[in-house]
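Here the structure comes first, spelled out in structure tokens, and everything after it is commentary.
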Amino acid sequence: MVPVHILYVLEATEGGTRRHLRDLACGLPDGFSATVVVSPLRDPAFVREDRTAYQDAGVQWIELPMRRGAGAGDIVAVHRLREILRRLRPDLIHAHSSKAGAVARLASRGDFPVVYTPHGFSLLMPGVVWPYRLFEAFAVRWTEAVICVTEEEIRLAERLGYPAGQIHLIRNGIAHSAPSPCVAANREGIGFFGRDAPQKGIDVLRACRSLPIRFFTDYPQSEAIALMRTVAVAAMPSRWEGCPYTLLEAWAAGTPVAASAIGGFKELIRHGENGWLLPPDATPDAWERELGNLLRDLPLREQLAQGGRRSLAAYTLSGMIDKTLSIYRAVLGGRGASLR
């Protein structure tokens, strides 16, 4: 039996989107084969560090330069991806992030079924202008299914015109044998885990002068849980998010989380039970005060850590992959790829 061939397209080769695609493409079961078409421009370390993982998993690797913003280079990227489609003739395209979603759907133009995971529609980010909204609404016709990682995304997909039956909610999931024991009493200080970028709110924590904060901005993803075990609280003051892996990793590490009440944080965290939420517009003074209170309240930290451990059971890598495969099977029911 010939395996079902999935062609993945990704421009946003950093953060959670990078992690999600690697886990998904390298975790496909028998009966599926994969090719990843990725841009080497945004983060050269992605090519250096991830290509071997894909190749070891038997995933074909193709580099296709794509830039984050709109520009003339997009025309070249669309043309080159269409040539790749003619040559490989995949059964299905799965595009990840807004730029890859645009390039993939323009290249396919309905000739191949496309599943699209925005990982946080670009429209959720500050300063995004109306042409992005216009294109997303136009590209609905070339999209068989859209996978959202938050309920906020689902509501936006509905407003963009995606039919309800094509919208699916699949949270991120991580592989873990068992969550770490809660040893909050043996940990010290605050930890920030993420990119040094305005999105992550790192500037908010840098303004908290009185707190012992360590900033982990450049670390192998494989070491995230071990690093989180070294701090008493993981602080996540992001300004926008999808379904953050840092939250799941902190839960796996048995580390209490304080986060902005936005995106996936707001949907996954129950304040005071499995995490601590602060308003999206909380000032550095508010963060300093709340984090200081958490550092002084060991029973509360232990309560939050234990709640996170219990919550993690719903967010497994195997569950994420199984749900995604069910969408592939539904989309492919009787339809093959026939490039005209």
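The values are calculated or read from the model by the stated rules, or taken from the named source; none is laboratory data. Everything numeric here is computed off the predicted structure, so don't read it as measured data. Positions of Cβ are backbone-derived with ideal geometry, glycine not excepted, and every protein chain shown enters the neighbour counts.
Listed residues 256, 244, 280; which is surrounded by fewer than 24 Cβ atoms within 10 Å (Cβ to Cβ) and not β-branched (Val, Ile, Thr)?
Unique residue meeting the criteria: 280.
Do we have any residue at all in region 133-146 that's part of a strand (DSSP E or B) and in contact (Cβ under 8 Å) with a residue 40 or more places away in the chain?
Yes, region 133-146 has at least one match.
Name the strands (runs of 3 or more DSSP E) wholly inside region 8-116 in which the number of residues that are within 20 Å of the chain's Cα centre (by Cα) and of a type in the set (A, V, I, L, M) is 3 or more.
The qualifying strands (runs of 3 or more DSSP E) are 32-38.
Go through region 203-240 and give me each residue that's closer than 21 Å to residue 13 by Cα and of a type in the set (S, T, N, Q).
Within region 203-240, 217, 221, 222, 238 qualify.
Suppose the filter is surrounded by fewer than 16 Cβ atoms within 10 Å (Cβ to Cβ) and either polar (S, T, N, Q) or touching a Ser or Thr at 6+ places or on another chain (Cβ under 9 Å) (or both); does residue 13 pass it?
No; evaluated as a whole, the condition is false for this residue.
Give region 285-315 a look and list any residue that's within 23 Å of the chain's Cα centre (by Cα) and over 11 Å from residue 257 (Cα atoms), or say none.
Correct list: 309, 310, 311, 312, 313, 314, 315.
Would you mind stating whether residue 276 is modelled with pLDDT under 95, aromatic (Phe, Trp, Tyr) and in the same structural domain as residue 211 (by TED's automatic domain parsing)?
no
Filter region 134-152 for residues that are under 21 Å from residue 245 (Cβ atoms) and of a type outside the set (Asp, Glu); which is farthest from the chain's Cα centre (by Cα)?
146
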